[in-house]
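Since the structure comes first, as structure tokens, the remarks are kept for the end.
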Amino acid sequence: MLNAKRPARRGARGLTIVEVLIGVAIGLIVIAGVLRLFVTNMVNSRQMLVEARVMQDLRAAADLIARDLRRAAYWANAIEGTSVLGTGTSPTRNNYQTITPNDAGGQNILYTFAQDTNNTIENNEQFGFQLVNGTIEMRTAANQWQVVTDPGVMTVNELTITPSVVNVNVSSSCVVTCTTNCPVVTLRHYNIVLRGTAVANANVVRQINMRVRARNDELTGQCPAA
């Protein structure tokens, strides 16, 4: 029994070259899939970042235009223009009441509002916005413009200002019946379109539409003398 022959142990068997190649191929496929997913996520994240920056710049410009345009035609002495409306006396006119969209066919809007009480339009009371070479500029004084959008982020392709006015006849406030050149209050709204293209990706195009009312209405005409 002690000298009984033990069965021979089978020799250890390694991987064949075919099995190694198959393993390598499967590993490469998995790595390729992971890399593809990583690259796709990076591209999507970059696209979302570009879109967010364009929208942020457009929204900031739109909010700035809306806030400033609402102040257009402000007149510190406005009471002087209404206190004699029904008496037949010529009222003092608001020198600041003119608002000019798309001056000379351009993509802009120009207006003034009072910074003092002298009823005279001065250099520091002239404001507006315009589109020049793909950027929006804000007028801060006569012949002084400041860029308000970042040309490194976005090219502004469109700034369209379309006025929408409603005329309200207020001749019923006159003491004497009015037949010609009767007083009219003009309520002014402006439909504004801003459209921009991302510098980093020309496929990213965003647009903002807004409607702004100038809170200071325009008064024309006058009551006849009593």
Inset, instruction - Mind checking the full-extension length gain between residue 37 and residue 60? Use 0.36 nm per residue of separation minus the Cα-Cα distance, one decimal, nm. - result: 4.9 nm
Legend entry - Solvent exposure of the chain as accessible area per residue, Å², 1.4 Å probe: 62
Inset, instruction - Measure off, as a whole percent, the carbon and sulfur share of the 1.4 Å-probe accessible area of the chain, all protein chains present. - result: 55
Inset, instruction - Would you mind estimating how fast the range 42-167 diffuses translationally, via Stokes-Einstein at 37 °C and 0.692 mPa s with the Kirkwood radius over Cα pairs, in µm²/s? - result: 196
Inset, instruction - Could you state the orientation-averaged shadow area of the convex hull built on the Cα atoms of the range 109-215, in nm² to one decimal? - result: 9.5
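Rounded to the nearest 500, what is the chain's calculated 222 nm mean residue ellipticity when only DSSP H runs of at least 4 contribute -39500 (n - 2.57) each, over all residues?
Details: 1 runs with 53 residues, N = 226.
Calculated mean residue ellipticity at 222 nm is -9000 deg cm²/dmol.
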Legend entry - Angle in degrees between helix 17-69 and the longest Cα principal axis of the chain, rounded to the nearest 10: 10
Inset, instruction - Taking the convex hull of the Cα atoms, report for the chain its projected area averaged over all directions, in nm². - result: 25.9
Legend entry - Within a Gaussian network of the chain (alpha carbon springs, distance under 10 Å), most fluctuating of 42, 154, 138: 42
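Quote to one decimal, in nm, the extra length available between residue 44 and residue 186 on full extension: 0.36 nm per residue of separation minus the C-alpha distance between them.
Stretched out fully, the residue 44 to residue 186 stretch lengthens by 46.2 nm.
The values are calculated or read from the model by the stated rules, or taken from the named source; none is laboratory data. Just so we're clear, the structure is a prediction, and the values are computed from it rather than from any experiment. Heads up: the accessible areas ignore ligands, DNA and RNA and are worked out on the full protein's heavy atoms, side chains in. Shrake-Rupley method; radii C 1.70, N 1.55, O 1.52, S 1.80 Å.
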